[in-house]
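The values are calculated or read from the model by the stated rules, or taken from the named source; none is laboratory data. Fair warning: this is a prediction, and the values are worked out from it, not measured in the lab. In this analysis, Cβ positions are derived from the backbone assuming ideal geometry, glycine residues included, and neighbour counts consider all displayed protein chains. The protein model used for the area step is the full one, side chains on, heavy atoms only, and it has no ligands, DNA or RNA in it. Shrake-Rupley method; radii C 1.70, N 1.55, O 1.52, S 1.80 Å.
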Amino acid sequence: QVQLVESGGRLVQPGDSLRLSCAATGRSFSTYTVGWLRQAPGKERVFVSTINWSGSSIHYADSVKGRFTLSRDNAKNTVYLQMNSLKPEDTAVYYCAFSTLSGKLLSPGMYTYWGQGTQVTVSS
């Protein structure tokens with residue numbers, strides 16, 4: 001069993017930066033692909049980024065490419081999503097999720113374990 005806890009979400013202004021963290025407890029953290037997905041009010045949960053177990057393969061949604069950076073520290077059982085140049089359209093609840101699959105995992109159904117989410121609001 002794996003438990004995930006996201007943190008770092010808050011209200012920021014357009015252009016600001018923010019770093020989200022996802023801390024995991026449980027076994028075999030380093031064997032999972034980790035993804036971030038987000039869900040804006042009234043919209044479906046959508047893919048943001050994934051990172052494989054070693055950190056050697058990272059995928060991004062086109063909407064965040066060049067602005068967001070995903071990394072992981074297996075020694076700390078933690079994944080980080082660095083978000084720069086934030087825009088109002090980045091406003092959403094951000095979820096961390098684990099999967100036994102690999103690659104660019106677009107669908108929420110591809111993930112097995114989920115965190116509770118952390119709210120990011122970008123507004124002036």
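At a Förster radius of 41 Å, what calculated FRET efficiency corresponds to the Cβ-Cβ distance of THR121 and THR31, to the nearest 0.05? Don't jump to the answer; show the numbers that get you there.
Values: r = 34 Å, r/R0 = 0.82.
Efficiency computed from Cβ-Cβ geometry: 0.75.
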If you take the charge dipole of the chain about its Cα centre, with +1 on Lys and Arg Cβ and -1 on Asp and Glu Cβ, which of LEU81, GLY15, VAL34 is farthest toward its positive end? VAL34
Ordered by residue, what ³J(HN,Hα) values in Hz, to whole numbers, does segment 78-88 give under the Karplus form 6.51 cos²θ - 1.76 cosθ + 1.60, where θ = phi - 60° and Gly and Pro are x? 9, 10, 10, 10, 8, 10, 10, 6, 5, 10, x
Rank these residues by their accessible area, most exposed first, probe 1.4 Å: LEU106, LEU70. LEU106, LEU70
Could you give the length gained on full extension between ALA75 and LEU11, defined as 0.36 nm per residue of separation minus the Cα-Cα distance, in nm? 20.1 nm
Over segment 23-124, what is the relative contact order in percent, taking alpha-carbon pairs closer than 8 angstrom and at least six residues apart? 30 percent
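What number comes out for the charge environment of THR118, summing +1 per Lys or Arg and -1 per Asp or Glu over other residues with Cβ under 14 Å away?
Numbers: positive: ARG10, ARG19, ARG38, ARG45; negative: GLU6, ASP90.
Neighbourhood net charge equals +2.
Would you mind giving the average projected area, over all directions, of the Cα convex hull of the chain in nm² with one decimal? Mind showing how you got there, number by number?
Numbers: hull surface 27.0 nm².
Across all orientations, the chain yields a mean hull projection of 6.8 nm².
What Kirkwood radius, in Å to one decimal, follows from the Cα pairs of segment 1-74?
Numbers: mean 1/r = 0.0727 Å⁻¹.
Final number for the Kirkwood radius of segment 1-74 is 13.8 Å.
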